[in-house]
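Here the structure is laid out as structure tokens; the discussion comes afterwards.
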Amino acid sequence: MTTLKEALEGMAETSTSKYIVAGQSAGGPTAIQIAAQARGVKGLVVMNSIGLRPHRYARPYFLYVLVTWMLRASTWTRFLATKFVYFFLVHVTSVFPKKTPIDAVAYSQQRMGNIDFQLLKDSVEQVKARHVPTFVANSTNDPVIETEISRELALAFVPQVTHAEFTSGGHMIQKTQAKALAEALVAWSEAINSPRPKL
């Protein structure tokens, strides 16, 4: 939360125009929290984001939290937990490619293990209350985030949500569906930037 607080303070000090906040996977909750609190946000984009409940590889969640605690408890527990997390997320589940640095995998574990799902739900409600247009994108063959979780997240942002669902692309649609995703984002961005008719 310290990093989020610093980011919000920095945006408040330096922002001279409105901007769009984006996040993918474990970055989704951070983007949502920023959109809920920061000034000047004109749009929110989340792609294959962590949803409002733990995904398939984070259940049972208490084990995920325990491993995350081990990453912080001591040098010895961090060593063991890092090896375990890397083996599980790279070799067992193939969430990350084999070339992914071990520290990047451990960081992802820490991000997921520190998510407060109730706070995330509250942040979604704040985003809605602020009428921030939201774009949610996911793929139905994501090996990490279940389709139902992505759809639940999109529904939580109704009525100001645009939902793009791809039938392929896996967990990294910002790479695998780059062209289609970019086209959808440009159309969405133009729509939210167009002047609204006066009533």
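Determine whether Thr147 is in the same structural domain as Gly23 (by TED's automatic domain parsing), free of Cβ contacts under 8 Å to residues at least 24 places away in the same chain and either touching a strand residue (DSSP E or B) at 6+ places or on another chain (Cβ under 8 Å) or under 19 Å from Pro29 (Cα atoms) (or both). Spell out how you get there, then give the answer.
Numbers: in the same structural domain as Gly23 (by TED's automatic domain parsing): yes; free of Cβ contacts under 8 Å to residues at least 24 places away in the same chain: yes; either touching a strand residue (DSSP E or B) at 6+ places or on another chain (Cβ under 8 Å) or under 19 Å from Pro29 (Cα atoms) (or both): yes.
Considered against the rule, which asks whether it is in the same structural domain as Gly23 (by TED's automatic domain parsing), free of Cβ contacts under 8 Å to residues at least 24 places away in the same chain and either touching a strand residue (DSSP E or B) at 6+ places or on another chain (Cβ under 8 Å) or under 19 Å from Pro29 (Cα atoms) (or both), Thr147 comes out as yes.
Residue-wise test of (1) under 17 Å from Ser25 (Cβ atoms); (2) among the small types (Gly, Ala, Ser).
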{"position": "Asp103", "(1), (2)": "yes, no"}
{"position": "Ala137", "(1), (2)": "yes, yes"}
{"position": "Phe157", "(1), (2)": "no, no"}
{"position": "Gly169", "(1), (2)": "yes, yes"}
{"position": "Gln177", "(1), (2)": "yes, no"}
{"position": "Ala187", "(1), (2)": "no, yes"}
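Quick check on region 66-101: of everything there that is polar (S, T, N, Q) and farther than 19 Å from Ala26 by Cα, which residue is surrounded by the most Cβ atoms within 10 Å (Cβ to Cβ)? Even if it seems obvious, please write down each step before you answer.
Step one: filter region 66-101 for residues polar (S, T, N, Q), giving 68, 74-75, 77, 82, 93-94, 100.
Subset that is farther than 19 Å from Ala26 by Cα: 74-75, 77.
Details: Ser74: 10, Thr75: 6, Thr77: 14.
Among residues in region 66-101 that are polar (S, T, N, Q) and farther than 19 Å from Ala26 by Cα, the one surrounded by the most Cβ atoms within 10 Å (Cβ to Cβ) is Thr77.
Sort through Ser74, Ser108, Ser94 and tell me the only one that's outside the structural domain of Ala35 (by TED's automatic domain parsing) and without any contact (Cβ under 8 Å) to a residue 12 or more places away in the chain. So that I can check it myself, show each step before the final result.
On the way: Ser108 fails: without any contact (Cβ under 8 Å) to a residue 12 or more places away in the chain; Ser94 fails: without any contact (Cβ under 8 Å) to a residue 12 or more places away in the chain.
None of the other options fit; the residue is Ser74.
Remark: pairs (first residue in region 36-61, over 24 Å from Thr176 (Cα atoms) and touching a residue at least 40 places away in the same chain (Cβ under 8 Å); second residue surrounded by 23 or more Cβ atoms within 10 Å (Cβ to Cβ) and among the small types (Gly, Ala, Ser); Cβ separation under 6 Å; 6+ apart in sequence or on different chains) = Val41/Ala35.
If the condition is being touching a strand residue (DSSP E or B) at 6+ places or on another chain (Cβ under 6 Å) and within 19 Å of Ser94 (Cβ to Cβ), then region 123-144 contributes Asn138, Ser139.
Specify the residue that is surrounded by the most Cβ atoms within 10 Å (Cβ to Cβ); the eligible residues are those in region 45-63 that are over 17 Å from the mean Cα position of the chain (by Cα) and of a type in the set (Phe, Trp, Tyr).
Pass one, region 45-63, residues over 17 Å from the mean Cα position of the chain (by Cα): 59-63.
Then drop every residue that is not of a type in the set (Phe, Trp, Tyr), which leaves 61-62.
Values: Tyr61: 15, Phe62: 9.
Looking at the filtered set, the residue picked out is Tyr61.
The values are calculated or read from the model by the stated rules, or taken from the named source; none is laboratory data. Predicted, not measured: the structure shown is a model, and the values here were computed from it. Cβ coordinates were reconstructed from backbone atoms using ideal geometry, including for glycine residues, and neighbour counts include every protein chain displayed.
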